[in-house]
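Down below is the structure, laid out as C-alpha coordinates.
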Amino acid sequence: MNLDPLTVDAARTAVLEKQMTASALVDAFYQKIEAEDPAIGAYLTLCKERAYLQAAYLDALADKGDALPPLAGVPIAIKDVFTTEHVRTTAGSRILANFIAPYDATVVQRLEAAGAVILGKTNCDEFAMGSSNENSGFHPVHNPHDHARVPGGSSGGSAAAVAAGMAVASIGSDTGGSIRQPAAFCGVVGLKPTYGRVSRYGLIAFASSLDHVGPFGKTVKDVALMLQCMAGRDPQDATSADVPVPNYLEHVGQPVTGLKIGVPKEYFGEGLESEVRAAVEDAIKELATAGCEIVPISLPHTEYAIPTYYVVATAEASSNLARYDGVRYGVRASESKALSAMYRRTRDSGLGTEVKRRIMLGTYALSAGYYDAYYLKAQRVRALLARDFDQAFSIVDAIVTPTTPTVAFKLGEKTDDPLAMYLADIYTVTANLAGVPGISVPCGTSREGLPIGVQIFGKYFDEPTVLRVAHVVEHAMAAVVNPISALPKP
Ligand code: GLN
(Lines give C-alpha, C1' and ligand atoms only; values in the text may rest on other atoms or scores of the structure.)
Protein backbone atom coordinates (compact mmCIF):
# COMPACT_ATOMS: atom_id res chain seq x y z
CA MET A 1 0.00 0.00 0.00
CA ASN A 2 1.33 3.45 -0.91
CA LEU A 3 1.16 5.42 2.34
CA ASP A 4 2.07 8.77 0.81
CA PRO A 5 -1.37 9.87 -0.39
CA LEU A 6 -3.23 8.28 2.53
CA THR A 7 -5.73 10.70 4.08
CA VAL A 8 -7.61 10.44 7.38
CA ASP A 9 -10.71 9.31 5.51
CA ALA A 10 -8.85 6.73 3.43
CA ALA A 11 -7.04 5.28 6.45
CA ARG A 12 -10.24 5.01 8.44
CA THR A 13 -12.15 3.50 5.52
CA ALA A 14 -9.40 0.93 4.96
CA VAL A 15 -9.80 -0.24 8.57
CA LEU A 16 -13.59 0.06 8.56
CA GLU A 17 -13.97 -1.98 5.37
CA LYS A 18 -11.32 -4.44 6.51
CA GLN A 19 -9.07 -3.81 3.52
CA MET A 20 -6.35 -3.60 6.13
CA THR A 21 -6.26 -4.10 9.88
CA ALA A 22 -5.24 -1.19 12.07
CA SER A 23 -2.28 -3.30 13.21
CA ALA A 24 -1.08 -3.87 9.65
CA LEU A 25 -1.39 -0.16 8.98
CA VAL A 26 0.78 0.58 12.00
CA ASP A 27 3.32 -1.98 10.78
CA ALA A 28 3.46 -0.31 7.38
CA PHE A 29 4.03 3.12 8.93
CA TYR A 30 6.78 1.89 11.24
CA GLN A 31 8.52 0.25 8.29
CA LYS A 32 8.39 3.50 6.40
CA ILE A 33 9.61 5.48 9.40
CA GLU A 34 12.51 3.07 9.91
CA ALA A 35 13.48 3.33 6.25
CA GLU A 36 13.02 7.06 5.73
CA ASP A 37 13.21 8.92 9.00
CA PRO A 38 16.99 8.59 9.47
CA ALA A 39 17.34 11.08 6.58
CA ILE A 40 14.59 13.41 7.88
CA GLY A 41 14.77 13.29 11.69
CA ALA A 42 11.07 13.97 12.26
CA TYR A 43 10.63 11.65 15.25
CA LEU A 44 12.29 11.82 18.66
CA THR A 45 10.49 8.84 20.22
CA LEU A 46 8.36 6.06 18.78
CA CYS A 47 5.72 4.56 21.06
CA LYS A 48 5.24 1.16 19.49
CA GLU A 49 3.75 -0.59 22.48
CA ARG A 50 1.07 2.04 22.84
CA ALA A 51 0.37 2.11 19.09
CA TYR A 52 -0.02 -1.67 18.76
CA LEU A 53 -2.25 -1.85 21.83
CA GLN A 54 -4.56 0.79 20.41
CA ALA A 55 -4.53 -0.88 16.97
CA ALA A 56 -5.40 -4.26 18.50
CA TYR A 57 -8.28 -2.67 20.39
CA LEU A 58 -9.65 -1.15 17.16
CA ASP A 59 -9.21 -4.39 15.23
CA ALA A 60 -11.18 -6.18 17.94
CA LEU A 61 -13.97 -3.62 17.62
CA ALA A 62 -14.00 -4.06 13.84
CA ASP A 63 -14.09 -7.85 14.22
CA LYS A 64 -17.11 -7.62 16.47
CA GLY A 65 -18.79 -5.40 13.89
CA ASP A 66 -19.08 -2.54 16.40
CA ALA A 67 -19.33 1.04 15.20
CA LEU A 68 -15.86 2.51 14.86
CA PRO A 69 -14.90 5.94 16.24
CA PRO A 70 -14.26 8.81 13.78
CA LEU A 71 -10.47 8.43 13.56
CA ALA A 72 -10.38 4.64 13.89
CA GLY A 73 -6.95 3.33 12.99
CA VAL A 74 -5.60 6.64 11.71
CA PRO A 75 -1.84 6.76 12.43
CA ILE A 76 -0.85 10.18 13.77
CA ALA A 77 2.17 11.89 15.30
CA ILE A 78 2.29 14.20 18.32
CA LYS A 79 4.72 17.09 18.76
CA ASP A 80 6.92 16.33 21.71
CA VAL A 81 5.58 19.28 23.71
CA PHE A 82 2.43 17.33 24.62
CA THR A 83 2.57 15.04 27.62
CA THR A 84 2.02 11.33 27.03
CA GLU A 85 1.67 8.91 29.92
CA HIS A 86 4.41 6.24 30.00
CA VAL A 87 6.03 7.78 26.91
CA ARG A 88 9.01 10.15 27.05
CA THR A 89 8.14 13.85 26.59
CA THR A 90 11.14 16.13 26.02
CA ALA A 91 9.82 19.40 24.54
CA GLY A 92 12.91 19.10 22.34
CA SER A 93 15.07 19.90 25.38
CA ARG A 94 18.00 18.09 26.93
CA ILE A 95 16.68 19.16 30.32
CA LEU A 96 13.72 16.80 29.81
CA ALA A 97 15.69 14.07 28.00
CA ASN A 98 14.54 11.47 30.55
CA PHE A 99 11.12 12.87 31.44
CA ILE A 100 8.17 10.46 31.42
CA ALA A 101 4.96 12.41 31.95
CA PRO A 102 2.49 11.07 34.51
CA TYR A 103 -0.60 11.93 32.42
CA ASP A 104 -1.85 12.51 28.87
CA ALA A 105 -2.49 15.96 27.44
CA THR A 106 -6.19 16.52 26.76
CA VAL A 107 -5.67 16.48 22.97
CA VAL A 108 -3.74 13.22 23.19
CA GLN A 109 -6.49 11.68 25.28
CA ARG A 110 -9.25 12.99 22.96
CA LEU A 111 -7.57 11.87 19.75
CA GLU A 112 -6.94 8.41 21.13
CA ALA A 113 -10.52 8.21 22.36
CA ALA A 114 -11.54 9.04 18.78
CA GLY A 115 -9.56 6.02 17.56
CA ALA A 116 -6.32 7.63 16.39
CA VAL A 117 -3.17 5.56 16.76
CA ILE A 118 -0.20 7.52 18.07
CA LEU A 119 2.98 6.45 16.28
CA GLY A 120 5.37 8.64 18.20
CA LYS A 121 6.53 12.03 19.37
CA THR A 122 7.93 14.50 16.88
CA ASN A 123 11.02 16.64 16.95
CA CYS A 124 10.69 20.38 17.54
CA ASP A 125 12.63 23.45 18.53
CA GLU A 126 13.49 23.39 22.23
CA PHE A 127 10.38 24.45 24.18
CA ALA A 128 8.90 25.44 20.79
CA MET A 129 11.29 28.38 20.46
CA GLY A 130 12.36 28.67 16.86
CA SER A 131 11.39 28.86 13.21
CA SER A 132 13.57 26.18 11.67
CA ASN A 133 13.72 23.23 14.06
CA GLU A 134 17.46 23.86 14.36
CA ASN A 135 17.03 24.68 18.06
CA SER A 136 16.09 21.08 18.88
CA GLY A 137 18.26 19.81 21.74
CA PHE A 138 18.57 16.50 19.85
CA HIS A 139 18.96 16.89 16.10
CA PRO A 140 17.56 19.07 13.32
CA VAL A 141 14.75 18.04 10.98
CA HIS A 142 15.30 18.06 7.21
CA ASN A 143 12.65 19.32 4.82
CA PRO A 144 11.30 16.30 2.90
CA HIS A 145 11.20 18.37 -0.31
CA ASP A 146 14.91 19.23 -0.08
CA HIS A 147 17.03 17.73 2.66
CA ALA A 148 19.41 20.69 2.66
CA ARG A 149 16.57 22.94 3.81
CA VAL A 150 14.73 23.43 7.08
CA PRO A 151 11.16 22.20 7.54
CA GLY A 152 10.26 25.35 9.47
CA GLY A 153 9.57 25.43 13.16
CA SER A 154 8.94 24.99 15.84
CA SER A 155 6.65 22.06 14.89
CA GLY A 156 9.06 20.98 12.13
CA GLY A 157 8.88 17.27 12.96
CA SER A 158 5.07 17.21 12.87
CA ALA A 159 4.97 18.98 9.49
CA ALA A 160 7.75 16.86 7.97
CA ALA A 161 6.20 13.59 9.21
CA VAL A 162 2.96 14.34 7.34
CA ALA A 163 4.71 15.70 4.23
CA ALA A 164 6.89 12.59 4.00
CA GLY A 165 3.98 10.19 4.55
CA MET A 166 5.35 9.03 7.92
CA ALA A 167 2.04 9.94 9.62
CA VAL A 168 -1.39 10.59 8.16
CA ALA A 169 -1.89 13.68 10.34
CA SER A 170 -0.23 15.25 13.34
CA ILE A 171 -0.52 17.75 16.15
CA GLY A 172 1.52 20.87 16.73
CA SER A 173 1.57 23.95 18.90
CA ASP A 174 1.61 27.50 17.54
CA THR A 175 2.80 30.39 19.72
CA GLY A 176 3.87 32.72 16.92
CA GLY A 177 3.42 30.63 13.80
CA SER A 178 4.79 27.19 14.66
CA ILE A 179 2.00 25.29 12.93
CA ARG A 180 1.36 27.54 9.94
CA GLN A 181 4.99 28.34 9.04
CA PRO A 182 6.22 24.71 8.92
CA ALA A 183 3.01 23.73 7.11
CA ALA A 184 3.89 26.29 4.42
CA PHE A 185 7.53 25.14 4.21
CA CYS A 186 6.58 21.45 3.97
CA GLY A 187 3.57 21.76 1.65
CA VAL A 188 0.89 20.52 4.06
CA VAL A 189 -2.16 22.11 5.70
CA GLY A 190 -1.74 23.52 9.22
CA LEU A 191 -4.45 25.11 11.36
CA LYS A 192 -4.10 27.31 14.41
CA PRO A 193 -7.58 27.57 15.91
CA THR A 194 -8.98 30.45 17.97
CA TYR A 195 -7.39 30.89 21.40
CA GLY A 196 -9.46 28.77 23.79
CA ARG A 197 -10.88 26.49 21.08
CA VAL A 198 -8.58 23.57 21.96
CA SER A 199 -7.40 22.72 25.46
CA ARG A 200 -3.79 23.43 26.39
CA TYR A 201 -3.86 20.98 29.30
CA GLY A 202 -0.72 18.88 29.01
CA LEU A 203 0.92 21.24 26.51
CA ILE A 204 4.31 22.15 27.97
CA ALA A 205 3.99 25.91 28.28
CA PHE A 206 6.12 28.34 26.30
CA ALA A 207 4.04 31.55 26.45
CA SER A 208 0.65 30.69 27.87
CA SER A 209 -1.35 33.62 26.46
CA LEU A 210 0.01 32.92 22.96
CA ASP A 211 0.20 29.10 22.91
CA HIS A 212 -2.37 27.38 20.67
CA VAL A 213 -2.89 23.70 19.81
CA GLY A 214 -3.81 22.57 16.30
CA PRO A 215 -3.62 19.91 13.60
CA PHE A 216 -1.54 19.26 10.49
CA GLY A 217 -2.97 17.21 7.63
CA LYS A 218 -2.59 16.61 3.92
CA THR A 219 -5.96 18.17 3.19
CA VAL A 220 -8.29 20.81 4.62
CA LYS A 221 -10.84 18.08 5.23
CA ASP A 222 -8.31 16.14 7.31
CA VAL A 223 -7.55 19.08 9.58
CA ALA A 224 -11.31 19.67 9.94
CA LEU A 225 -11.74 16.03 11.02
CA MET A 226 -8.87 16.31 13.49
CA LEU A 227 -10.15 19.61 14.92
CA GLN A 228 -13.57 18.08 15.39
CA CYS A 229 -12.10 15.50 17.74
CA MET A 230 -9.87 17.96 19.65
CA ALA A 231 -12.01 21.06 20.14
CA GLY A 232 -14.23 22.00 23.04
CA ARG A 233 -14.27 23.06 26.65
CA ASP A 234 -11.96 21.23 29.03
CA PRO A 235 -12.38 21.78 32.76
CA GLN A 236 -8.61 21.20 33.13
CA ASP A 237 -7.81 24.37 31.15
CA ALA A 238 -9.40 27.51 32.56
CA THR A 239 -8.72 29.35 29.29
CA SER A 240 -10.54 26.78 27.15
CA ALA A 241 -13.76 28.33 25.88
CA ASP A 242 -17.25 27.19 26.68
CA VAL A 243 -18.36 27.71 23.09
CA PRO A 244 -20.28 24.98 21.23
CA VAL A 245 -18.22 23.01 18.71
CA PRO A 246 -19.81 23.22 15.26
CA ASN A 247 -19.77 20.40 12.72
CA TYR A 248 -16.68 21.55 10.82
CA LEU A 249 -16.98 18.98 8.10
CA GLU A 250 -20.34 20.37 7.01
CA HIS A 251 -18.61 23.59 6.03
CA VAL A 252 -15.81 22.01 4.01
CA GLY A 253 -16.97 22.07 0.40
CA GLN A 254 -19.60 24.78 0.88
CA PRO A 255 -19.52 27.58 -1.71
CA VAL A 256 -17.84 30.89 -0.89
CA THR A 257 -19.96 33.05 -3.19
CA GLY A 258 -20.55 36.49 -1.72
CA LEU A 259 -17.89 36.21 1.00
CA LYS A 260 -15.80 39.34 1.48
CA ILE A 261 -12.08 38.56 1.54
CA GLY A 262 -9.75 41.20 2.98
CA VAL A 263 -6.25 41.60 1.56
CA PRO A 264 -4.11 43.66 3.98
CA LYS A 265 -1.49 45.79 2.26
CA GLU A 266 0.93 45.43 5.19
CA TYR A 267 1.45 41.74 4.34
CA PHE A 268 2.60 42.39 0.78
CA GLY A 269 5.44 44.85 1.36
CA GLU A 270 9.22 44.71 1.52
CA GLY A 271 10.79 41.32 2.20
CA LEU A 272 8.12 39.27 0.42
CA GLU A 273 9.75 37.02 -2.20
CA SER A 274 8.32 37.56 -5.66
CA GLU A 275 7.47 33.87 -6.18
CA VAL A 276 5.55 33.77 -2.91
CA ARG A 277 3.72 36.96 -3.79
CA ALA A 278 2.75 35.63 -7.23
CA ALA A 279 1.42 32.34 -5.84
CA VAL A 280 -0.63 34.08 -3.14
CA GLU A 281 -2.01 36.57 -5.65
CA ASP A 282 -3.03 33.65 -7.87
CA ALA A 283 -4.88 32.09 -4.92
CA ILE A 284 -6.67 35.39 -4.33
CA LYS A 285 -7.69 35.52 -8.01
CA GLU A 286 -9.14 32.03 -7.68
CA LEU A 287 -11.23 33.19 -4.74
CA ALA A 288 -12.54 36.04 -6.87
CA THR A 289 -13.39 33.52 -9.61
CA ALA A 290 -15.23 31.45 -7.01
CA GLY A 291 -17.46 34.44 -6.26
CA CYS A 292 -15.70 36.19 -3.38
CA GLU A 293 -15.49 39.93 -3.22
CA ILE A 294 -11.84 40.96 -2.76
CA VAL A 295 -11.49 43.99 -0.48
CA PRO A 296 -8.20 45.85 0.05
CA ILE A 297 -7.80 46.48 3.79
CA SER A 298 -5.24 47.73 6.29
CA LEU A 299 -4.06 46.20 9.56
CA PRO A 300 -2.10 49.30 10.51
CA HIS A 301 -0.18 48.06 13.56
CA THR A 302 1.31 45.02 11.81
CA GLU A 303 4.83 46.49 11.79
CA TYR A 304 4.90 46.34 15.59
CA ALA A 305 3.89 42.68 15.79
CA ILE A 306 7.36 41.09 15.89
CA PRO A 307 8.80 43.33 18.66
CA THR A 308 5.54 43.03 20.62
CA TYR A 309 5.59 39.24 20.28
CA TYR A 310 9.20 38.94 21.40
CA VAL A 311 8.54 40.99 24.55
CA VAL A 312 5.34 39.15 25.53
CA ALA A 313 6.57 35.67 24.55
CA THR A 314 9.94 35.96 26.29
CA ALA A 315 8.37 37.48 29.43
CA GLU A 316 5.93 34.60 29.74
CA ALA A 317 8.63 32.05 28.85
CA SER A 318 10.98 33.35 31.54
CA SER A 319 8.28 32.67 34.10
CA ASN A 320 7.09 29.33 32.64
CA LEU A 321 10.61 27.92 32.36
CA ALA A 322 11.57 28.69 35.97
CA ARG A 323 10.19 25.27 36.88
CA TYR A 324 13.08 23.39 35.23
CA ASP A 325 15.41 23.48 38.17
CA GLY A 326 16.65 19.90 38.44
CA VAL A 327 14.30 19.18 41.32
CA ARG A 328 10.86 18.67 39.89
CA TYR A 329 11.36 17.41 36.35
CA GLY A 330 13.92 15.76 34.16
CA VAL A 331 17.65 15.93 34.30
CA ARG A 332 19.67 17.08 37.35
CA ALA A 333 23.33 18.07 37.19
CA SER A 334 25.25 15.78 39.50
CA GLU A 335 27.93 16.52 42.06
CA SER A 336 26.88 19.99 43.12
CA LYS A 337 27.70 20.84 46.71
CA ALA A 338 25.04 23.50 47.25
CA LEU A 339 21.43 23.71 46.08
CA SER A 340 22.00 27.00 44.25
CA ALA A 341 24.94 25.48 42.35
CA MET A 342 22.77 22.50 41.40
CA TYR A 343 20.08 24.83 39.96
CA ARG A 344 22.69 26.77 38.03
CA ARG A 345 24.52 23.78 36.65
CA THR A 346 21.30 21.97 35.72
CA ARG A 347 19.97 24.94 33.79
CA ASP A 348 23.34 25.74 32.28
CA SER A 349 23.87 22.26 30.88
CA GLY A 350 20.21 21.37 30.21
CA LEU A 351 18.99 24.43 28.30
CA GLY A 352 20.15 25.53 24.85
CA THR A 353 21.38 28.92 23.68
CA GLU A 354 18.10 30.22 22.27
CA VAL A 355 16.16 29.24 25.38
CA LYS A 356 18.71 30.98 27.61
CA ARG A 357 18.60 34.06 25.39
CA ARG A 358 14.82 34.23 25.79
CA ILE A 359 14.84 33.67 29.54
CA MET A 360 17.29 36.56 29.85
CA LEU A 361 15.28 38.83 27.54
CA GLY A 362 12.04 38.03 29.35
CA THR A 363 13.51 38.43 32.81
CA TYR A 364 14.86 41.81 31.74
CA ALA A 365 11.52 42.95 30.29
CA LEU A 366 9.74 42.02 33.52
CA SER A 367 12.27 43.46 35.94
CA ALA A 368 11.48 46.46 38.14
CA GLY A 369 12.12 49.68 36.28
CA TYR A 370 11.71 48.11 32.83
CA TYR A 371 8.26 46.56 33.21
CA ASP A 372 6.41 49.73 32.17
CA ALA A 373 8.75 50.48 29.31
CA TYR A 374 8.61 47.01 27.77
CA TYR A 375 6.03 44.55 29.05
CA LEU A 376 3.25 47.02 29.72
CA LYS A 377 3.86 48.82 26.44
CA ALA A 378 3.86 45.51 24.55
CA GLN A 379 0.51 44.61 26.13
CA ARG A 380 -0.90 47.94 24.95
CA VAL A 381 0.32 47.37 21.39
CA ARG A 382 -1.11 43.86 21.57
CA ALA A 383 -4.53 45.39 22.25
CA LEU A 384 -4.09 47.63 19.19
CA LEU A 385 -3.21 44.64 17.02
CA ALA A 386 -6.36 42.86 18.22
CA ARG A 387 -8.35 46.00 17.43
CA ASP A 388 -6.93 46.01 13.89
CA PHE A 389 -8.49 42.58 13.39
CA ASP A 390 -11.79 43.60 15.00
CA GLN A 391 -12.07 46.57 12.69
CA ALA A 392 -11.15 44.53 9.62
CA PHE A 393 -13.66 41.83 10.51
CA SER A 394 -16.41 44.41 10.76
CA ILE A 395 -16.12 44.70 6.96
CA VAL A 396 -14.74 41.35 5.74
CA ASP A 397 -15.45 37.66 6.46
CA ALA A 398 -11.88 36.39 6.13
CA ILE A 399 -8.40 37.77 5.45
CA VAL A 400 -5.87 36.28 3.02
CA THR A 401 -2.09 36.79 3.24
CA PRO A 402 1.11 34.90 2.52
CA THR A 403 2.03 32.52 5.37
CA THR A 404 5.74 33.27 5.13
CA PRO A 405 7.81 35.88 3.28
CA THR A 406 10.08 33.21 1.72
CA VAL A 407 10.14 29.52 0.92
CA ALA A 408 12.06 27.10 3.17
CA PHE A 409 15.61 28.36 3.75
CA LYS A 410 18.80 26.32 3.98
CA LEU A 411 19.92 24.66 7.20
CA GLY A 412 22.45 26.96 8.86
CA GLU A 413 21.42 29.98 6.78
CA LYS A 414 19.98 32.00 9.67
CA THR A 415 21.40 30.30 12.76
CA ASP A 416 23.91 33.09 13.44
CA ASP A 417 21.35 35.83 13.10
CA PRO A 418 18.47 35.47 15.58
CA LEU A 419 16.76 38.62 14.29
CA ALA A 420 16.64 37.29 10.72
CA MET A 421 15.21 34.04 12.12
CA TYR A 422 12.53 35.95 14.06
CA LEU A 423 11.37 37.58 10.80
CA ALA A 424 10.30 34.18 9.44
CA ASP A 425 7.14 34.68 11.53
CA ILE A 426 6.35 38.19 10.42
CA TYR A 427 2.97 37.19 8.92
CA THR A 428 1.94 34.66 11.55
CA VAL A 429 2.54 36.23 15.00
CA THR A 430 -0.32 38.72 14.65
CA ALA A 431 -2.93 35.95 14.90
CA ASN A 432 -1.38 34.70 18.14
CA LEU A 433 -1.31 38.16 19.67
CA ALA A 434 -4.97 38.70 18.71
CA GLY A 435 -6.12 35.08 19.21
CA VAL A 436 -7.93 34.80 15.85
CA PRO A 437 -7.83 31.52 13.88
CA GLY A 438 -5.45 31.05 10.94
CA ILE A 439 -4.66 28.28 8.49
CA SER A 440 -1.91 27.70 5.96
CA VAL A 441 -2.75 25.89 2.72
CA PRO A 442 -0.34 25.01 -0.10
CA CYS A 443 -0.90 27.35 -3.06
CA GLY A 444 2.12 26.98 -5.28
CA THR A 445 5.62 25.73 -5.91
CA SER A 446 8.80 27.75 -6.37
CA ARG A 447 11.12 27.29 -9.34
CA GLU A 448 13.27 25.10 -7.11
CA GLY A 449 10.29 22.88 -6.33
CA LEU A 450 9.64 24.20 -2.83
CA PRO A 451 6.13 24.61 -1.43
CA ILE A 452 4.46 28.00 -0.96
CA GLY A 453 1.64 28.54 1.52
CA VAL A 454 -1.25 30.98 1.67
CA GLN A 455 -2.70 31.99 5.03
CA ILE A 456 -6.36 32.61 5.83
CA PHE A 457 -7.45 34.37 9.03
CA GLY A 458 -11.01 34.32 10.37
CA LYS A 459 -13.14 35.89 13.07
CA TYR A 460 -12.99 34.48 16.60
CA PHE A 461 -14.39 30.92 16.60
CA ASP A 462 -15.18 31.17 12.90
CA GLU A 463 -13.05 28.17 11.93
CA PRO A 464 -15.98 27.10 9.67
CA THR A 465 -15.40 30.06 7.32
CA VAL A 466 -11.62 29.63 7.48
CA LEU A 467 -11.98 25.97 6.47
CA ARG A 468 -14.49 26.79 3.75
CA VAL A 469 -12.23 29.37 2.12
CA ALA A 470 -9.18 27.13 2.59
CA HIS A 471 -10.91 24.25 0.85
CA VAL A 472 -11.71 26.39 -2.21
CA VAL A 473 -8.08 27.54 -2.40
CA GLU A 474 -6.80 23.99 -1.96
CA HIS A 475 -8.83 22.70 -4.88
CA ALA A 476 -8.25 25.69 -7.12
CA MET A 477 -4.48 25.46 -6.62
CA ALA A 478 -4.15 21.66 -6.68
CA ALA A 479 -2.59 21.70 -10.12
CA VAL A 480 0.29 23.96 -9.07
CA VAL A 481 1.21 22.44 -5.74
CA ASN A 482 3.86 19.80 -5.79
CA PRO A 483 3.44 17.58 -2.80
CA ILE A 484 5.94 14.82 -2.20
CA SER A 485 3.03 12.52 -2.12
CA ALA A 486 0.35 13.04 -4.73
CA LEU A 487 -2.83 14.27 -3.10
CA PRO A 488 -6.04 12.47 -3.93
CA LYS A 489 -7.71 14.25 -6.81
CA PRO A 490 -10.30 16.80 -5.69
N1 GLN B 1 9.18 31.14 15.68
C2 GLN B 1 8.51 31.75 16.79
C3 GLN B 1 9.41 31.73 17.99
O4 GLN B 1 10.52 31.36 17.83
C5 GLN B 1 7.22 31.04 17.07
C6 GLN B 1 7.41 29.75 17.73
C7 GLN B 1 6.12 29.08 18.02
O8 GLN B 1 5.08 29.40 17.46
N9 GLN B 1 6.18 28.17 18.97
O10 GLN B 1 9.04 32.08 19.05
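See the values below:
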item: Every residue from the stretch 270-280 that is out of contact with any strand residue (DSSP E or B) (no Cβ under 9 Å at 6 or more places or on another chain) and modelled with pLDDT of 95 or more; result: SER274
item: Answer residue from the stretch 300-325, given it is without any contact (Cβ under 8 Å) to a residue 60 or more places away in the chain and over 18 Å from LEU366 (Cα atoms) and is surrounded by the most Cβ atoms within 10 Å (Cβ to Cβ) among those; result: ASP325
item: Those residues of the stretch 75-98 which are more than 18 Å from the chain's Cα centre (by Cα), in a loop (DSSP other than H, G, I, E, B) and more than 12 Å from LEU44 (Cβ to Cβ), in sequence order; result: GLU85, HIS86, ASN98
item: When residues of the stretch 269-287 are limited to those that are open to solvent by 40 Å² or more (accessible area, probe 1.4 Å) and free of Cβ contacts under 8 Å to residues at least 24 places away in the same chain, the one farthest from ALA476 (Cα to Cα); result: GLU270
item: Residue list for the stretch 311-351, filter: on the phi > 0 side of the Ramachandran plot and within 16 Å of the ligand (Cβ to nearest atom); result: none
item: Near pairs, Cβ below 8 angstrom, 6+ apart or cross-chain, from the stretch 116-127 (over 20 Å from PRO70 (Cα atoms)) to any residue that is open to solvent by less than 10 Å² (accessible area, probe 1.4 Å) and among the acidic types (Asp, Glu); result: LYS121/ASP80; THR122/ASP80; ASN123/ASP80; CYS124/ASP80
item: Residues satisfying the stated conditions in the stretch 246-262, i.e. open to solvent by 30 Å² or more (accessible area, probe 1.4 Å) and of a type in the set (Val, Ile, Thr); result: THR257
item: Residue count, the stretch 352-386 (criterion: surrounded by 18 or more Cβ atoms within 10 Å (Cβ to Cβ) and either free of Cβ contacts under 8 Å to residues at least 60 places away in the same chain or on the phi > 0 side of the Ramachandran plot (or both)); result: 4
item: Residue that is farthest from the ligand (Cβ to nearest atom), among those in the stretch 355-400 that are among the β-branched types (Val, Ile, Thr) and within 30 Å of ALA288 (Cβ to Cβ); result: ILE395
item: Count - residues of the stretch 219-244 that are buried (at least 24 other Cβ atoms within 10 Å of the Cβ) and charged (D, E, K, R); result: 1
item: Residue match in the stretch 108-119 (condition: modelled with pLDDT of 95 or more, within 15 Å of the ligand (Cβ to nearest atom), touching a helix residue (DSSP H, G or I) at 6+ places or on another chain (Cβ under 6 Å) and in a loop (DSSP other than H, G, I, E, B)); result: no
item: In the stretch 147-165, residue surrounded by the most Cβ atoms within 10 Å (Cβ to Cβ) [restricted to those that are of a type in the set (A, V, I, L, M) and within 13 Å of the ligand (Cβ to nearest atom)]; result: ALA159
item: Pair list, Cβ < 8 Å and 6+ apart or interchain, from the stretch 202-227 residues that are at positive phi to residues that are within 16 Å of the ligand (Cβ to nearest atom) and assigned to a helix (DSSP H, G or I); result: GLY202/VAL107
item: Residue within the stretch 78-87 that is farther than 17 Å from GLU354 by Cα and among the basic types (Lys, Arg) present; result: yes
item: Cross-chain or 6+ apart pairs with Cβ under 6 Å, the stretch 91-115 first and without any contact (Cβ under 8 Å) to a residue 40 or more places away in the chain, then surrounded by fewer than 21 Cβ atoms within 10 Å (Cβ to Cβ); result: ILE100/ARG88
item: Given (1) away from the ligand (no atom under 16 Å from the Cβ); (2) surrounded by fewer than 19 Cβ atoms within 10 Å (Cβ to Cβ), number of the condition GLU413 does not satisfy; result: (1)
item: Residue list for the stretch 312-336, restricted to those being more than 21 Å from the chain's Cα centre (by Cα) and either outside any loop (DSSP other than H, G, I, E, B) or of a type in the set (A, V, I, L, M) (or both); result: ALA315, SER318, SER319, ALA322, ARG323, VAL327, VAL331, ALA333
item: Selection count where residues are within 21 Å of GLY120 (Cα to Cα) and either within 11 Å of the ligand (Cβ to nearest atom) or out of contact with any helix residue (DSSP H, G or I) (no Cβ under 7 Å at 6 or more places or on another chain) (or both), scope the stretch 193-203; result: 2
item: ASN133 vs. criteria more than 13 Å from the ligand (Cβ to nearest atom) and among the polar types (S, T, N, Q); result: no
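The values are calculated or read from the model by the stated rules, or taken from the named source; none is laboratory data. These figures come from a predicted structure and were not determined experimentally. Neighbour counts run over all protein chains shown; Cβ positions are idealised from the backbone, glycine included. All accessible areas refer to the heavy atoms of the entire protein, side chains included, with ligands and DNA or RNA removed. Shrake-Rupley method; radii C 1.70, N 1.55, O 1.52, S 1.80 Å.
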